[in-house]
1. Of (1) free of Cβ contacts under 8 Å to residues at least 40 places away in the same chain; (2) of a type outside the set (Phe, Trp, Tyr); (3) within 14 Å of chain A (Cβ to nearest Cβ), B:Val525 satisfies all except one. Which?
2. Can you tell me which of A:Val123, A:Val111, A:Val69 is modelled with pLDDT of 90 or more and within 14 Å of another protein chain (Cβ to nearest Cβ)?
3. Can you go through A:Met58, A:Met122, A:Met132 and tell me which one is closer than 19 Å to A:Thr25 by Cβ, out of contact with any Lys or Arg (no Cβ under 7 Å at 6 or more places or on another chain) and crowded, with 19+ Cβ neighbours inside 10 Å?
4. Among all residue pairs at least 6 apart or on different chains, which show Cβ distances below 6 Å where the first residue, located in the range B:421-441, is more than 9 Å from every other protein chain (Cβ to nearest Cβ) and the second is part of a loop (DSSP other than H, G, I, E, B) and modelled with pLDDT of 90 or more?
5. Scan the range A:77-105 residue by residue and report those that are assigned to a helix (DSSP H, G or I) and among the β-branched types (Val, Ile, Thr).
6. Could you tell me whether B:Arg430 is assigned to a helix (DSSP H, G or I) and surrounded by fewer than 22 Cβ atoms within 10 Å (Cβ to Cβ)?
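The values are calculated or read from the model by the stated rules, or taken from the named source; none is laboratory data. No experiment lies behind these values; they were computed from the predicted model shown. Note that we place each Cβ from the backbone using ideal geometry, even for glycine, and neighbour counts take in every protein chain shown.
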Amino acid sequence: MDVQSLPKKKSNRLTEIAAGKTFPTETHDVLNREEPLLEVSNFNLSYGAKQALFDINMIIPKGKVTALVGPSGCGKSTLLRSINRINDLLSTVRINGEMKLNGEPVYAPSVDVIELRKRMGMVFQKPNPFPMSVYENVIYPLRIDGERKKAVLDEVCERSLRGAAIWEETKDRLHESALGMSGGQQQRLCIARAIAAEPEVLLMDEPCSALDPIATNKIEDLIADLRGEYTIVIVTHNMQQAARVSDYTAFMYLGRLVEYGATSTVFQNPHLQETQDYITGRFG
Amino acid sequence: MSFQSLENSAPARRKRAKVSLFAQGEPMIWLTGGGLAIALSMIIGLLALIFYHGINTLWPVAVLQFQTLDGSLYMGEITRAESFRSNDAEVRVLQRRLVRTGNFEFSGEHFIWINDHDVQAMTQPEWAVVIERTAWGRFYGFPESFTLAGETVAITPEAAWEKFGQYHGAVSERREKIRELETKEVGRVNRRLEKSRLALRAVEMSKGLNRPAWQSEHEKFLETEKSVTKEFKTLQEKIGLLRAENSRYVLNLKTAQGKAVAMPLEAIVRAYPANQLSTLGKAGIYFSRWQEFLFNDPREANSEGGVFPAIFGTVIMTLLMSLAVVPFGVMAALYLREYAQPGVIVSAVRISINNLAGVPSIVFGVFGLGFFCYLIGASIDELFFASSLPNPTFGKGGILWASLTLALLTLPVVIVSTEEALAAVPNSMREGSYACGGSKWQTIKRIVLPRAMPGIMTGMILAMARGAGEVAPLMLVGAVKLAPELPVDSVEPFVHAERSFMHLGFHIYDLGFQSQNSEAAKPMVFTTTLLLIVLIFLLNLLAVRLRTRLRRKFVSTAF
């Protein structure tokens, strides 16, 4: 493909970013027409002396799948983990800026972090089922919420497992340990657990990076099924995956959000040369 | 430059230095393997020694009669043989044997050395009988006749022995009955009187002497005293009757030196004609001795009889200790690992805990005596048992204070291993729980603790092994030479946490170093040590099984 024929804005931002400069994000117009679930404004985060996120401004559209891509260490996982404040567990983290979930602030002294996290589901890089039965794993969010009614728990368990497309495989072994399942099954179980409490947003931190291609396929199909029902933010290293599963793609570099737009545009017709370079594999 | 030319132009390959011996790894295999082999052989050697002696002690051996050159006769069992240097004109290496001759009331000795070159004749008399008695140690002699209520009913060894076999069982039963009456029934009566006396004393302390309340209580006391005296009398009569019945049976014996001895059957615990026994008969004696050893109280300053109170005391103390140390250790470790901000203070605390494990155990004993017995125990006495003062109830050594002292001693082990177990719980699990909206405590309770449970159990196993084998601090806080009253029994309130107790480890020390009949006690040291090791092994086995089950349930290597 002839690079010269593509539209682009001539600049070499990446070197300047590396030198410490910050540019406003190239946000595509299409995003302004979406209904935002999450609004991030002027968000900065640092681990001790090292700043990891610089002036992030973005919205996460409701009911859509948003992919965060970028080279290793660009801060996409940090941004994701800031949304449910799981970064707070590290004592060195300092935050400056604002996030709003459905119009309510995420970072405010009055916010009950535990209640906030109950409104979100998270799926981690490595499957992390708890050392208990499949059933107990799925209903864990309800258990810690104090739900006791067996009928409710049974219903939620089946619905979540069906939602995570793992019901058929597990319905006969609900009360066996979850640790005996394969990696792919474990990850789908973790997704079932994440959607058990019907979260407003589902955060996925490279959910397929520890899985084989077949298991990856199943997870991607599952994300496609969940699209529309849930708002999903997914961090991925895999460009094809981002292209396949997401509606919107955000390209990050060294803690800055560089370009953000509809996936088809970002992949086929990015506004910035740097995005083009990354997506075609010139660097990163 | 092409590869071809590079190859051509390259100088002859530099000769490689000889491969270092160490680089091959073989010497290291020998060194490490050798270290392991030495450690193992020492442990196996020790265990084998204990096992060999412990197993053999109770086996009945032949009774030999020695006639020495000066004409004296000795009869007994050979305990061991050794060589020694004689001190006469020419120094020679001679052999001698230690013979257990018993009959302490005549000879004043339990054992005697007999030089091999002094022996004129050595025989195995057919009717040599070994008698284990309730007092004075063993007796070796020949049965002569049997007396029943003053009348001689048998005059040959065979007939006398037959009569002995006929009556001994019933006599032993009556002796047990007497013992039970003397300890349990008389004890019960005495406790009633004591309770009444304490009630009177309590009234005296609160209301004062000769007040109306005291008067009525005093009358009650006098009444109790009267009924107790009556009850006591009936008991004495009962015991007297049994004694009289038992004293009718007497076995007449003759010692090797020809001295006639009339031995009441009541004084005989066990008797057997050692030289007539078949292997099966010996096995019978062997197992009956083991049974006595495991399930009876000690006799003869602990050198004979059983060690049941010591086994019981050891097990109860170890369990109490685990009950005390595990919750505290786990709580401390949880705070250090899960809640405390890592920093200088936490590091200092951690180092201090590790150092605590190196404090000599006797120091813990002194602390336990001062803090638990004399401070806490004395305060409890003053608050709740004031009427029995100056006799201390909790203000002295007891099984509760001993357990708590050992719990302190083993606390570092539990904290360190629990901390390691907590550190080994993957962070991803904690994050998973937080992401589901779990609070810190919910995460710890539902995810971290179950997952760390096998590691915590390991700490408990180590603590139990350490605690059960510890002796020095126990001497100060409650282990005693003889305590036939168990800390748990059928007398209310059933658990007597203030009682002193017997402990196998202390029993070993007492047998080995405090016994006046040390030669007789020595084999029992091995047997008791064997028992202690087996006991610790069993306790550990139990804990290990529990841990394996937990591990299967909570930790898996899948994925």
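1. Of everything listed in (1) free of Cβ contacts under 8 Å to residues at least 40 places away in the same chain; (2) of a type outside the set (Phe, Trp, Tyr); (3) within 14 Å of chain A (Cβ to nearest Cβ), B:Val525 misses just condition (3).
2. Sole residue among the options that is modelled with pLDDT of 90 or more and within 14 Å of another protein chain (Cβ to nearest Cβ): A:Val123.
3. Details: A:Met122 fails: closer than 19 Å to A:Thr25 by Cβ; A:Met132 fails: closer than 19 Å to A:Thr25 by Cβ.
None of the others qualify; the one that does is A:Met58.
4. Cβ pairs passing all conditions: none.
5. First, pick out the residues of the range A:77-105 that are assigned to a helix (DSSP H, G or I): A:77-83, A:86-89.
Scanning the range A:77-105 gives A:Thr78, A:Ile83, A:Ile86.
6. Yes, satisfied.
Conditions (1) buried (at least 21 other Cβ atoms within 10 Å of the Cβ); (2) closer than 30 Å to A:Tyr140 by Cβ, marked per residue:
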{"position": "A:Gly180", "(1), (2)": "no, yes"}
{"position": "A:Ala210", "(1), (2)": "no, yes"}
{"position": "A:Ala242", "(1), (2)": "yes, yes"}
{"position": "A:Glu259", "(1), (2)": "yes, no"}
{"position": "A:Phe267", "(1), (2)": "no, no"}
{"position": "A:Pro270", "(1), (2)": "yes, no"}
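Per-residue answers, yes or no, for (1) assigned to a helix (DSSP H, G or I); (2) aliphatic (A, V, I, L, M); (3) touching a helix residue (DSSP H, G or I) at 6+ places or on another chain (Cβ under 8 Å); (4) over 25 Å from B:Leu482 (Cβ atoms):
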position: B:Val346; (1), (2), (3), (4): yes, yes, yes, yes
position: B:Val349; (1), (2), (3), (4): yes, yes, yes, yes
position: B:Ser352; (1), (2), (3), (4): yes, no, no, yes
position: B:Gly365; (1), (2), (3), (4): yes, no, yes, no
position: B:Phe371; (1), (2), (3), (4): yes, no, no, yes
position: B:Gly397; (1), (2), (3), (4): no, no, yes, no
position: B:Trp401; (1), (2), (3), (4): yes, no, yes, no
position: B:Leu408; (1), (2), (3), (4): yes, yes, yes, yes
